[in-house]
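Below is one structure, written out as structure tokens; the observations come after it.
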Amino acid sequence: MLEYTAGADINELANGFGLVADEFVRWNELNIRFRIFLREKFKDRGDTDLAVSAVDFNNRVEYQEAIHLISIAILLHNRRSIRRIIAAMQNRHEDALYEQLIADYVSDPQDGMDEVVFDKPYATLVEPYFQEEKGIALWHVNDYVNKWYRFQDGARWYNAHKKIENDRAFYYGYWVFEAGATSYLLDLDDSGINHRMYPRDLVAYARRLRDANLVTTDFDTPTGVTE
């Protein structure tokens, strides 16, 4: 995200994203083992609420980061990473937005699901998937983009742009990657979305690859090889 915010070339970001996915999978495997260990250690203390999945969808920050991760993989057209992330997360059937985003990449899509873990603002972004008219779907995407930030209070990066000291801050950009992924998946005309947090160039990148029948990676195929 920091490199993207700084204006790095998208092709370079796409070529390096597989390593990000690999590290996520590795972290996930280790974290699941740790959570299983904790669950066993404290099983006599009642319900510890330690899910086996390493990503806790009931934690707003972890949820948002997971949605960002899968959305970036979609916008970079990195099918190998998309499938690796889905397999690693093990968070199926918990959240409608996540299920809508991955519906095209799984054998058992739950595209009729409409319940989200956090109603505000994520229920707004589920609405486009149930609209017959693209204009209405786009309205919901735009509404989500405009309201997203105000509901992120509590995240460690919230308002970091206001806390820059000596050119340093815990700030790496604010982006609604999931809104971009939704526009891409539903083929919406996003030319009217002018919010600075909307990743318009990533959406255009995904569309260019799709129209050229190209992927960043499709399991073991390199960039530039047709599907």
* Asked: Leaving out same-chain residues fewer than 8 places away, which lysines sit with a Cα under 25 Å from that of residue 120?
  -> 134, 147, 162
* When the gyration tensor of the range 2-211 is built from Cα positions, what are the square roots of 5 times its three eigenvalues, in whole Å, from largest to smallest? -> 27, 21, 19
* For the chain, what is the charge dipole size about the Cα centre, in debye to the nearest 20, if Lys and Arg each add +1 at the Cβ and Asp and Glu each add -1 at the Cβ? -> 760
* Rounded to two decimals, what is Rg over Rh for the range 65-167 when you use alpha-carbon atoms and the Kirkwood radius? -> 1.02
* Asked: What are the ³J(HN,Hα) values, in whole Hz, obtained from phi via the Karplus relation 6.51 cos²θ - 1.76 cosθ + 1.60 with θ = phi - 60°, for each residue of the range 131-142 in sequence order, with x given for Gly and Pro?
  -> 9, 7, 9, 5, x, 5, 4, 5, 4, 5, 4, 5
* Asked: Near residue 41, which lysines are there with a Cα under 28 Å away, not counting those fewer than 8 places off in the same chain?
  -> none
* Structure fact -> Calc'd 3J(HN,Hα), the range 57-62, phi into Karplus 6.51 cos²θ - 1.76 cosθ + 1.60 (θ = phi - 60°), Hz, glycine/Pro = x, comes to 5, 7, 9, 4, 5, 5
* **Residue-averaged [θ]222 nm for the chain, counting only DSSP H segments that reach four residues, each worth -39500 (n - 2.57)** => -15500 deg cm²/dmol
* Asked: Got a sec to turn the phi values of the range 192-199 into Karplus ³J(HN,Hα) couplings, 6.51 cos²θ - 1.76 cosθ + 1.60 with θ = phi - 60°, whole Hz, x for Gly and Pro?
  -> x, 8, 10, 5, 5, 8, 8, x
* Asked: Working from the pairwise distances between different alpha carbons, so that the mean of 1/r is found and then inverted, what is the range 108-180's Kirkwood radius in Å?
  -> 14.2
* Asked: In degrees, nearest 10, range 0 to 90: what is the angle between the Cα axis of helix 200-211 and the longest Cα principal axis of the chain?
  -> 80
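Read-outs: derived from the displayed coordinates by stated rules, not from any lab. Predicted, not measured: the structure shown is a model, and the values here were computed from it. FYI the Cβ positions are ideal-geometry reconstructions off the backbone, even for glycines, and counts take in every protein chain you see.
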